[in-house]
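A short worksheet on the structure shown next.
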Amino acid sequence: MSGRWNTGGRKVSRWLPKLCLGYFVFLVIIGLMQQFIGERWWLATLCTYAPQAVFLVPVILLLLPALFSRNLPALRSLLACGLLFLLLEGFRLPHLPRQLTPGEEKIKVLTYNIRSGGGGVERIAAAIRQESPEVVCLQEASAYLSVPDPMPGLQRLLPEWRFTHTGDVAIGVRGGTFAKVAVQPFPLTGSSRCALGVTTTLHGRTLNIVTTHLATALYPETLTHNRRGIPAYLAQTGEARRLQLQSLRGFLQQFPGPTILCGDFNTPPRGVEYTRLTRTLTDCFTEVGTGFGWSYPAHRPVLRIDYIFVQGGIRPLSAQTLSWPHSDHRPVLATLVLPPSTPE
């Protein structure tokens, strides 16, 4: 019996490093697919939008025999797999605190998908008032099925903020007025999703604020009950999102100068579309956040799809997700530093 055990153990020791190295190569391929193919191929879309924690399951399964047999080559490959996972998922280490320079002013910006206020308009308003941001950007801020429009209640409960809203998005500014309001409808969505932009003045500086809610690339229930098949469905949603982001980038050109872009992008921090956004925009959490920054689903988040981006001289001071239980998303809060002067 011991001879058979030793023979089996030697076979495991011989094949285990190859399996672990093979899985590391597999993760590299997945990362390249996400980064350079993204939504242009249905299988890459599935890999990009799946909670990346699923890719850790084989690592954990391989780790047990590697530890039991003390197989150093296998353990090194599994360590590389873990580090690659952190890289793919955008894990951020704590950063040194940044300081204000003379002439700079800071503001707090909150973006939140409130799920039509189904968690209680009063509780959402109380949470916003507690954080007291100068800028509030809301998504799913409209009636849905039997849930009434939450905006009249929020405007009544938050009189310090002046709101404008259209479709399912809204922008609120505390202590500012709107010099410009513009709306960009999105193509091929079949819904009221759009981009909403305003120009306002805060701390004596002219500032642009844009919020949006992009279409979702996939829903699990749609994938399992779709008559057209998964490839055709993902091809259609991928094209819709590509056109939405193209429309959004064109819309941003109407707002020169310091600009904040917030919203529920339904897009993880990887893939072609995210890369296109960050060519000209700074992702605040990537810049100054800590950890994964997962914001969805709220009760047990595994995806980061809610963002605050900036451009035009605005720099982030801090960024975090908040554990509010009032929606299926967690809000994202960022402290931003406005440039010393803003052209009129």
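The values are calculated or read from the model by the stated rules, or taken from the named source; none is laboratory data. This structure is a prediction, so every number in the text was calculated from the model and none was measured. A quick note on method: Cβ atoms are made from the backbone with ideal geometry, for glycine too, and the neighbour counts reach across all protein chains shown. Side chains included, ligands, DNA and RNA excluded: accessible areas come from the protein's heavy atoms. Shrake-Rupley method; radii C 1.70, N 1.55, O 1.52, S 1.80 Å.
Taking the range 62-97 as the range and being surrounded by 15 or more Cβ atoms within 10 Å (Cβ to Cβ) and more than 17 Å from GLY22 (Cβ to Cβ) as the test, the residues that pass are SER69, LEU88, GLU89, GLY90, ARG92.
In the set THR280, THR275, which member is over 15 Å from ARG193 (Cβ atoms), within 16 Å of the chain's Cα centre (by Cα) and open to solvent by 10 Å² or more (accessible area, probe 1.4 Å)? Walk me through how you get there before you give the answer.
Numbers: THR280 fails: within 16 Å of the chain's Cα centre (by Cα).
The match here is THR275.
State whether the residues of the range 141-162 include one that is more than 24 Å from SER295 (Cβ to Cβ), among the polar types (S, T, N, Q) and buried (at least 16 other Cβ atoms within 10 Å of the Cβ). For the range 141-162, residues more than 24 Å from SER295 (Cβ to Cβ), among the polar types (S, T, N, Q) and buried (at least 16 other Cβ atoms within 10 Å of the Cβ): present.
Looking only at the range 87-105, decide whether some residue is more than 23 Å from the chain's Cα centre (by Cα) and outside any loop (DSSP other than H, G, I, E, B). Within the range 87-105, one or more residues are more than 23 Å from the chain's Cα centre (by Cα) and outside any loop (DSSP other than H, G, I, E, B).
Checking GLY118 against (1) over 30 Å from HIS165 (Cα atoms); (2) open to solvent by 30 Å² or more (accessible area, probe 1.4 Å); (3) in contact with a strand residue (DSSP E or B) (Cβ under 9 Å, 6 or more places away or on another chain), which single condition isn't satisfied? Result: GLY118 passes all but (1). Taking the numbered list (1) within 20 Å of VAL198 (Cα to Cα); (2) open to solvent by 40 Å² or more (accessible area, probe 1.4 Å) in turn, THR290 passes all entries but (1). Pairs meeting the criteria (first residue in the range 316-340 and more than 30 Å from ARG205 (Cα to Cα), second residue surrounded by fewer than 24 Cβ atoms within 10 Å (Cβ to Cβ) and of a type in the set (Phe, Trp, Tyr), beta carbons under 6 Å, at least 6 apart or on different chains) are HIS329/TYR296. The set of residues from the range 110-134 being within 21 Å of PHE178 (Cα to Cα) and among the acidic types (Asp, Glu) comprises just one member, GLU134.
Between GLN184, GLN254, GLN246, which is assigned to a loop (DSSP other than H, G, I, E, B), open to solvent by 20 Å² or more (accessible area, probe 1.4 Å) and at pLDDT 85 or above? Outline the logic, then answer.
Numbers: GLN184 fails: assigned to a loop (DSSP other than H, G, I, E, B); GLN246 fails: assigned to a loop (DSSP other than H, G, I, E, B).
Residue meeting the stated conditions: GLN254.
Looking at the range 319-334 only, could you name the residues that are touching a Ser or Thr at 6+ places or on another chain (Cβ under 6 Å) and within 15 Å of ASP283 (Cβ to Cβ)? Give the derivation first.
Filtering the range 319-334 for residues touching a Ser or Thr at 6+ places or on another chain (Cβ under 6 Å) gives 321, 329-330, 332.
Correct list: THR321, VAL332.
Tell me, yes or no, whether the range 168-178 has at least one residue that is in contact with a helix residue (DSSP H, G or I) (Cβ under 9 Å, 6 or more places away or on another chain) and part of a loop (DSSP other than H, G, I, E, B). Yes, the range 168-178 contains at least one residue that is in contact with a helix residue (DSSP H, G or I) (Cβ under 9 Å, 6 or more places away or on another chain) and part of a loop (DSSP other than H, G, I, E, B).
Counting only residues that are exposed (fewer than 13 other Cβ atoms within 10 Å of the Cβ) and in a helix (DSSP H, G or I), the range 125-140 holds 1 of them.
Kindly indicate the residue of the range 257-267 that is on the phi > 0 side of the Ramachandran plot and part of a loop (DSSP other than H, G, I, E, B) and also modelled with the highest pLDDT among those meeting that condition. Please lay out each step first, then the result.
Applying the first criterion (on the phi > 0 side of the Ramachandran plot) to the range 257-267 yields 257, 263, 266.
When the remaining residues are screened for being part of a loop (DSSP other than H, G, I, E, B), the result is 257, 266.
On the way: GLY257: 93, ASN266: 89.
Of everything passing the filter in the range 257-267, GLY257 is modelled with the highest pLDDT.
Does GLU105 fit the bill of being touching a strand residue (DSSP E or B) at 6+ places or on another chain (Cβ under 6 Å), touching a residue at least 40 places away in the same chain (Cβ under 8 Å) and open to solvent by less than 60 Å² (accessible area, probe 1.4 Å)? Spelling it out, it is not the case that GLU105 is touching a strand residue (DSSP E or B) at 6+ places or on another chain (Cβ under 6 Å), touching a residue at least 40 places away in the same chain (Cβ under 8 Å) and open to solvent by less than 60 Å² (accessible area, probe 1.4 Å). Residues that are within 21 Å of THR199 (Cα to Cα) and in contact with a Ser or Thr (Cβ under 7 Å, 6 or more places away or on another chain) were ranked within the range 257-272; the one that is most open to solvent (accessible area, probe 1.4 Å) is GLY257.
Between ALA66, ALA74, ALA80, the distinction of being modelled with pLDDT of 80 or more, closer than 20 Å to ARG270 by Cα, touching a helix residue (DSSP H, G or I) at 6+ places or on another chain (Cβ under 8 Å) and small (Gly, Ala, Ser) belongs to ALA80 only.
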